[in-house]
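Peer 1: Here it is: the structure, laid out below.
The values are calculated or read from the model by the stated rules, or taken from the named source; none is laboratory data. In this text, all values refer to a predicted model and were calculated from it rather than measured experimentally. Here the Cβ is made from the backbone with ideal geometry for all residues, glycine too, and neighbour counts use every protein chain on show. Heavy atoms of the whole protein, side chains included, go into the accessibility calculation; ligands, DNA and RNA do not. Shrake-Rupley method; radii C 1.70, N 1.55, O 1.52, S 1.80 Å.
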Amino acid sequence: MDIYLIRHTTPDVEYGTCYGFADLDLAHTFPAEAARVKELLPDKDFSVYASPLQRCSKLATFLFGEGFRTDERLREVNFGDWEMRTWTDIAITTPQTWMEDYRYDPVPNGESYAQLYERSVRAFEEILASAVQDTAIVTHGGVIRSILAYATKTPLSQSHDLRVEYGRVAHLHLNGNGLEVKAVNI
């Protein structure tokens, strides 16, 4: 079985803004970016899952029509009090302890990277367990990074190198030997 992890296209947000749970719309480049993503995917039927945030649900609708399921666990990291603030502003008030242990130290009124990882992997495992055909998951960079870390057994401390850019795809294959990462950023 093939699994395609699809990151939403460029969001409509000022560069340098911290966002995760915020329900941002997509940039004016969406039609061209979405058409490019569609060309990357094989022409076949998929079971489709998506984050409920509009930047993912709009892309899922463009790619697959209305027949997809949303799952709250596929949302981006919850940046709590930092949502929609600039990273420069956040850096001024951020305790050094968070900077040293962001993987396990939650953002004020938000979550940690480890919490994002746990919920993303739990959702992914459930999706795989119920899958009867190739699967597409339209989601966010943090969720995809978490799933790739899980698939490659990469420790959280090294997982930030596992990136999928806006409007790009990671292709995984599930066989009797487990998960295999076929390509990233296609």
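Peer 1: Which one of Trp87, Phe64, Thr10 has its Cα pushed farthest toward the positive end of the charge dipole of the chain, where Lys and Arg give +1 and Asp and Glu give -1 at the Cβ?
Peer 2: Phe64
Peer 1: Oh, and also: Can you tell me the equivalent ellipsoid semi-axes for the stretch 24-96? Use √(5λ) from the Cα gyration tensor, largest first, whole Å.
Peer 2: 31, 15, 10
Peer 1: A further question follows. With everything on Cα atoms, drop me the angle between helix 113-130 and the longest principal axis of the chain, reported from 0 to 90° to the nearest 10.
Peer 2: Relative to the chain, helix 113-130 is tipped by roughly 10 degrees.
Peer 1: Also, I was wondering about something else. In degrees between 0 and 90, to the nearest 10, how far off the longest principal axis of the chain does helix 141-152 point, with axes built from Cα atoms?
Peer 2: 70 degrees
Peer 1: Treating each Cα of the stretch 67-122 as an identical point scatterer and ignoring solvent, apply the Debye formula and state log10 I(q)/I(0) at q = 0.21, 0.28 Å⁻¹.
Peer 2: Here the Debye-derived log intensity ratios amount to -0.81, -1.18.
Peer 1: With point charges of +1 on the Cβ of Lys and Arg and -1 on the Cβ of Asp and Glu, referenced to the Cα centre of the chain, which listed residue (Val138, Tyr113, Leu74) lies farthest in the positive direction of the dipole?
Peer 2: Highest projection toward the positive end goes to Val138.
Peer 1: Net charge near Tyr104: determine it from the other residues with C-beta under 14 Å of the C-beta of Tyr104, scoring Lys and Arg +1 and Asp and Glu -1.
Peer 2: Spelling it out: positives minus negatives among the neighbours equals -4.
Peer 1: So, one more: For the chain, find the longest principal axis of its Cα atoms and tell me its angle to the long axis of helix 54-64, 0 to 90°, nearest 10.
Peer 2: 10 degrees
Peer 1: Counting only heavy atoms of the protein chains, get the accessible area per residue of the stretch 24-105 (1.4 Å probe) and round it to a whole Å² value.
Peer 2: Heavy-atom accessible area per residue stands at 56 Å².
Peer 1: Note down the magnitude of the dipole of the chain about its Cα centre, charges +1 on Lys and Arg C-beta and -1 on Asp and Glu C-beta and zero elsewhere, to the nearest 20 debye.
Peer 2: 380 debye
Peer 1: Based on alpha-carbon centroids, what's the gap between the stretch 155-178 and the stretch 8-46 in Å, whole number please?
Peer 2: 18 Å
Peer 1: While we're on this one: Taking the alpha carbon gyration tensor of the stretch 37-165, what are the square roots of 5 times its eigenvalues, largest first, to the nearest whole Å?
Peer 2: Three semi-axes, in Å: 29, 17, 13.
Peer 1: Provide the packing ranking of 77-85, 148-156, 53-61, i.e. peptides ordered by the mean count of other C-beta atoms within 10 Å per residue, highest first.
Peer 2: 53-61, 77-85, 148-156
Peer 1: Please give the net charge around Glu180, taking every other residue with its beta carbon less than 15 angstrom from that of Glu180, where Lys and Arg add +1 and Asp and Glu add -1.
Peer 2: 0
Peer 1: Separate question: Under a Cβ-Cβ cut-off of 13 Å, what is the net charge of the residues other than Ile90 that fall near it, where Lys and Arg count +1 and Asp and Glu count -1?
Peer 2: -2
Peer 1: On to the next question. Considering only DSSP beta bridges where both residues belong to the stretch 1-150, give the percentage that are antiparallel (nearest 5).
Peer 2: That works out to approximately 15 percent antiparallel.
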